Amino acid sequence: MESYVSLPELAGEEYVLTRATAQRFFEEEVAPHYAEWEKRGYVDRELWKKAGSQGLLCTMIPEEYGGIGGNFLHAMIVVEELARSECALPGFFTHSDIIVPYIARLGTDAQKKQWLPGCVSGEVITSIAITEPGAGSDMKGVHLRARKDGDDWILNGQKTFITNGWLADLIIVVANTSPDSGSKSKSLFLVDTKTKGFERGRLLEKVGQKAQDTAELFFDDVRVPGDAMLGEEGMGLKYLMQELPVERLLVGVWAQAVAETVFERTSDYVYERKAFGQSVGDFQSTKFTLADIRTELEVGRSFLNDCASRVVQGKLTSEVASMAKIWLSEMQGRVIDRSLQLFGGYGYMWEYPVARAFADARAQRIYGGTNEIMKEIISRGIQQRNAK
């Protein structure tokens with residue numbers, strides 16, 4: 001499917017090739033096996049390696065570490081094509097475009113050489129462990145403790161709702177490295193999941209995104225060397241805040257592409273389905289619903305592409321990224337809900353993609369920071385400007 005409003009840059013040969021490669025890969029390697037993975041709760045590790053061999057993982061990583069040296073637009077294309085395959089595997093872009101860039105930006109030469117090539121090839125699967133049973137959007141509430149012991153650090157605590165947690169080989173762990181709860185109390189650590197004391201808990205059963213593994217993680221006297229710290233001590237919250245705008249925009253990319261795909265399926269269906277001697281699409285109420293949806297999609301695509309351009313230019317602010325996450329994820333929910341209604345009883349059957357999309361979409365308004373927190377960020381910016 002074509003984007004509703006294409007960025008001029010995306011007509012370039014390298015972007016067209018990336019889109020074609022991604023589309024073919026997800027159609028051939030993901031879609032045929034997706035129902036099986038949904039029942040099991042995670043995908044085959046071999047899928048990660050296949051994606052890596054096609055250059056579809058970590059597209060923004062430099063060539064010296066095995067990447068294609070792309071930019072945000074390459075990442076955006078891969079996310080869009082995954083969404084359009086109607087298979088909810090956000091763990092792919094969580095790994096590629098959220099977690100691995102921390103290592104690329106903050107890692108030492110030794111850390112980058114050790115981990116980045118495997119991340120690009122799919123041999124190393126990553127996750128980032130922030131959320132705890134008592135701490136979600138409020139990252140200052142993180143309790144997992146990292147205690148200094150000679151040159152090492154010893155980690156104790158629990159994490160939950162961790163994307164890729166079941167399969168991860170490497171985890172970026174957010175931990176307390178000082179007793180207070182201030183802005184400089186958190187640090188980031190690279191933890192190899194083979195380290196003694198690390199254990200995975202349950203593979204969590206979710207409402208949607210069922211093929212995406214999400215797990216509990218436990219750290220019981222997990223000893224890591226001093227050089228496992230990512231970046232500087234006490235700078236964890238600052239690092240997280242720097243990366244979150246792109247993460248939130250990627251949630252918006254996924255939302256827009258899913259909404260566009262659901263609309264395409266729905267518009268096809270209503271003109272095939274007959275009721276009272278005519279197609280469902282010929283009823284005025286259906287026409288008006290489709291018109292409303294198409295309008296929202298055009299608005300969403302224009303806003304999303306503007307935000308993508310800002311990322312490439314280094315101008316995306318936390319406020320605007322928060323606006324994008326709110327508007328696009330809420331729009332996604334509206335579009336899917338209205339589309340499901342047009343499918344009637346079939347729309348409520350799991351075998352229909354619109355039903356899976358309905359369940360998968362609900363998490364969009366929660367992860368990456370709840371939409372309520374996004375409103376706090378936006379309103380804080382308004383207050384600061386008015387205070388000047």
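Quick notes
- Reducing the stretch 230-245 and the stretch 322-369 to their Cα centroids gives an inter-centroid distance of 31 Å.
- Footprinting exposure proxy ranking of Met76, Met331, fewest other C-beta atoms within 10 angstrom first, gives Met331, Met76.
- Per residue convex hull volume, Cα atoms of the stretch 127-233, in Å³: 95 Å³
- Stokes-Einstein D (µm²/s) once Rh is taken as the Kirkwood radius of the chain over alpha-carbon pairs, at 37 °C in 0.692 mPa s: 151 µm²/s
- Relative to one another, the C-alpha centroids of the stretch 1-58 and the stretch 61-117 are positioned 13 Å apart.
- Averaging 1/r across all pairs of distinct Cα atoms in the stretch 145-194 and inverting the result yields a Kirkwood radius of 12.0 Å.
- Per residue convex hull volume, Cα atoms of the stretch 8-124, in Å³: 93 Å³
- Computed from label points 7 Å out along Cα-Cβ, the spacing between Asp180 and Glu372 is 2.9 nm.
- Taking only alpha carbon atoms, the stretch 182-339 gives an Rg to Rh ratio of 1.14, where Rh is the Kirkwood radius.
- For the stretch 79-147, alpha-carbon Rg over 2.2 N^0.38 Å: 1.35
- Distribution of pairwise C-alpha distances over the stretch 56-198, 10 Å bins, in %: 11, 38, 34, 15, 2, 0
Throughout, read-outs are computed from the coordinates displayed, never taken from laboratory work. Not measured: the values here are computed from a predicted model. With ideal geometry, Cβ positions are generated from the backbone for all residues, glycine too; neighbour counts draw on all protein chains shown.
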